[in-house]
Amino acid sequence: MSIIGDVIAKAKERDPYEFEFHQAAEEVLESLETTTKKHPEFVKAKIYERIVEPDRVIMFRVPWVDDKGQVQVNRGFRVQFNNAIGPYKGGLRFHPSVNLGILKFLGFEQIFKNSLTTLPMGGAKGGSDFDPKGKSDNEAMRFCHSFMRELFRHIGPDRDVPAGDIGVGGREIGYMYGYYKKIMNEHTGVLTGKGLPYGGSLIRPEATGYGCVYFAAEMLATRGFTFAGKNVAISGSGNVAQYAVEKVNQLGGKVISLCDSSSTIIDEEGISPEKCDYIMDLKNVRRGRISEYADRYANAVCYIGNSIWDVIKEQGIKVDVALPCATQNEVDEEHANALVKNGCICVSEGANMPSTPEAIKVYQQNGLLYGPGKAANAGGVATSGLEMSQNSMRLSWDREEVDQRLLTIMKNIHSSCLDAAEAYGMKGDYVAGANIAGFLKVANAMLAYGVV
Ligand code: NDP
Ligand code: 2IT
């Protein structure tokens, strides 16, 4: 068996039920095969074996009291995967599906994503099986405080800097930061995605969605295309999806879809800036469901209970560019075939690992421009890195400055992917390019440290 095959087999044998982690590890490691030939020093130092094993996994009980006075018990996690190139960095996910395998996949991806940003950040992820949906502000607060009551001892501005992810937005970060500040008696950059009055960065809320669209624009430009006049399918309706809609509109594209886990809306007239404002109010202030969009805008069609990619397949909806911005494995092989059939030329992933391995094969076999999540959605964590810099310097940059830095970082990630792919004999392959470029910096740092 090849070195890579052996590492994958051992990882599966060691943790047989961590399916998402196996999927992520397999995707990354398979594209590193060529690096084993060019870098015998990595093989000798067992860098491949070491990089799939987290530095540390922390699991803890999170008890809290709901509005009825009942005690609830959730499980909290932090996977500190690799800090070779900087303090651990990565989001917290609050969703009932959260388990160790999902957080290991996300923490593993984060190592390479963070390396691609060129900023000094290691890889981590954490979260809980707590479901913030339908919880009152007081319940969310009591949960977040209890979560931080344990997490505080494992994090710090030079140790580990969490942020948001699914189910963790401004409200949750506020409660967690407030509790950390209280018990540590320190006002410091220990979380990112903070509110502007207490150390947050302008453009951080926008950054993942904007960055995903910037990355898509870079890919389109390699074939002489722009967003102008393109039909764009976006999934999800949370933080990443909302700001992807905003940026596509600014670049002249037409967004024709959004969804949540209950329904899909299709608006063939396009989700205009005014409609996008309505969605931000609906989701972020009123905490409503996307189906309400079809009550407000009569021309939109709502498909209750249907996955967005099924709707696009079954209705034969024309899509030029697809931006999956909801969750892992939302696009499967059949969905990918339908996208190709319906005219799609570009897929840029706002979500982490939203395409199954079979879907990725379909994109590649059909010559689509395909930007994998660790490159295309790196704008979020990159801007978190910029928030950390501003916190350390004790100053804040204006919108234009942060947005310009974000754009430059996304362009640089795009070119590093292409350069690495070409240098390792896989020209034009953004998957291989992102994995190799992200890996080399981390592997060289690990090598420098000796066996630790
Ligand atoms: P949010 O919680 O703000 O939004 C998530 C959205 O996805 C919601 O509309 C949610 O619907 C929907 N969704 C979740 N699960 C499903 C499902 N099984 N089927 C259909 N829709 C679903 O999270 P974010 O926007 O922050 O995150 C979205 C994706 O982007 C995730 O993969 C995340 O890891 C990734 N990401 C986020 C970054 C960030 O900065 N926030 C950075 C990089 C990547 P519902 O309300 O019904 O649950
Ligand atoms: O998946 C991701 O990159 C994030 N959820 C953002 C992490 C961060 O630290 O900003």
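The values are calculated or read from the model by the stated rules, or taken from the named source; none is laboratory data. Since the model is a prediction, treat every value here as computed from it, not as a measurement. Cβ coordinates were reconstructed from backbone atoms using ideal geometry, including for glycine residues, and neighbour counts include every protein chain displayed. With ligands, DNA and RNA removed, areas are computed over all heavy atoms of the protein, side chains included. Shrake-Rupley method; radii C 1.70, N 1.55, O 1.52, S 1.80 Å.
If you take the residues in region 111-146 that are β-branched (Val, Ile, Thr) and part of a loop (DSSP other than H, G, I, E, B), which one is farthest from ligand 2 (Cβ to nearest atom)? Explain how you work it out, then say what you get.
Of region 111-146, the ones β-branched (Val, Ile, Thr) are 111, 117-118.
Those still in the list that are part of a loop (DSSP other than H, G, I, E, B) too: 117-118.
Numbers: 117: 10, 118: 15 Å.
Here the answer is 118.
Just a yes or no: is a residue in region 61-81 out of contact with any Leu (no Cβ under 7 Å at 6 or more places or on another chain) and in a helix (DSSP H, G or I)?
There is no residue in region 61-81 that is out of contact with any Leu (no Cβ under 7 Å at 6 or more places or on another chain) and in a helix (DSSP H, G or I).
Identify, please: which residue in region 189-221 is under 19 Å from residue 241 (Cα atoms) and of a type in the set (Gly, Ala, Ser) and is, among those, farthest from ligand 2 (Cβ to nearest atom)?
Restricting to residues being under 19 Å from residue 241 (Cα atoms) and of a type in the set (Gly, Ala, Ser), the top hit is 217.
Does residue 18 count as more than 16 Å from residue 436 (Cα to Cα), in contact (Cβ under 8 Å) with a residue 12 or more places away in the chain, open to solvent by less than 70 Å² (accessible area, probe 1.4 Å) and within 26 Å of the chain's Cα centre (by Cα)?
Working: more than 16 Å from residue 436 (Cα to Cα): yes; in contact (Cβ under 8 Å) with a residue 12 or more places away in the chain: yes; open to solvent by less than 70 Å² (accessible area, probe 1.4 Å): yes; within 26 Å of the chain's Cα centre (by Cα): yes.
Here the answer is yes, as residue 18 does meet what is asked.
Any residue at all in region 117-126 that's within 14 Å of ligand 1 (Cβ to nearest atom), crowded, with 24+ Cβ neighbours inside 10 Å and farther than 23 Å from residue 406 by Cα? Quick ask: steps written out before the conclusion?
Going through region 117-126, the residues within 14 Å of ligand 1 (Cβ to nearest atom) turn out to be 117, 121, 123-126.
Retained after the next criterion (residues that are crowded, with 24+ Cβ neighbours inside 10 Å): 117, 121, 123-126.
Then keep just the ones that are farther than 23 Å from residue 406 by Cα; that gives 126.
Yes: region 117-126 contains one or more residues that are within 14 Å of ligand 1 (Cβ to nearest atom), crowded, with 24+ Cβ neighbours inside 10 Å and farther than 23 Å from residue 406 by Cα.
For residue 127, state whether it is without any contact (Cβ under 8 Å) to a residue 60 or more places away in the chain and on the phi > 0 side of the Ramachandran plot.
When the stated conditions are applied, residue 127 passes them.
With respect to residue 186, is the statement that it is away from ligand 1 (no atom under 16 Å from the Cβ), closer than 30 Å to residue 304 by Cβ and in a loop (DSSP other than H, G, I, E, B) true? Give the derivation first.
Details: away from ligand 1 (no atom under 16 Å from the Cβ): yes; closer than 30 Å to residue 304 by Cβ: no; in a loop (DSSP other than H, G, I, E, B): yes.
For residue 186, the condition - away from ligand 1 (no atom under 16 Å from the Cβ), closer than 30 Å to residue 304 by Cβ and in a loop (DSSP other than H, G, I, E, B) - is not met.
So which residues in region 147-173 are aliphatic (A, V, I, L, M), in contact with a Phe, Trp or Tyr (Cβ under 7 Å, 6 or more places away or on another chain) and either farther than 27 Å from residue 241 by Cα or away from ligand 2 (no atom under 13 Å from the Cβ) (or both)?
Of everything in region 147-173, just one residue is aliphatic (A, V, I, L, M), in contact with a Phe, Trp or Tyr (Cβ under 7 Å, 6 or more places away or on another chain) and either farther than 27 Å from residue 241 by Cα or away from ligand 2 (no atom under 13 Å from the Cβ) (or both), namely 148.
Could you figure out which of (1) out of contact with any His (no Cβ under 9 Å at 6 or more places or on another chain); (2) at pLDDT 95 or above; (3) on the phi < 0 side of the Ramachandran plot; (4) open to solvent by 10 Å² or more (accessible area, probe 1.4 Å) isn't true of residue 306?
Looking at each condition in turn, residue 306 falls short on (2).
Condition first: assigned to a helix (DSSP H, G or I), away from ligand 1 (no atom under 11 Å from the Cβ) and closer than 23 Å to residue 410 by Cβ. Now tell me which residues in region 82-110 satisfy that.
107, 108
Given the options 377, 342, 352, 391, name the one that is closer than 18 Å to residue 163 by Cβ, more than 12 Å from ligand 1 (Cβ to nearest atom) and open to solvent by less than 40 Å² (accessible area, probe 1.4 Å).
On the way: 377 fails: more than 12 Å from ligand 1 (Cβ to nearest atom); 342 fails: closer than 18 Å to residue 163 by Cβ; 352 fails: more than 12 Å from ligand 1 (Cβ to nearest atom).
None of the others qualify; the one that does is 391.
Tell me, which strands (runs of 3 or more DSSP E) lie completely within region 308-404 with 1 or more residues that are aromatic (Phe, Trp, Tyr)? Full working, then the answer.
Working: elements: 321-323, 346-348, 369-371.
The qualifying strands (runs of 3 or more DSSP E) are 369-371.
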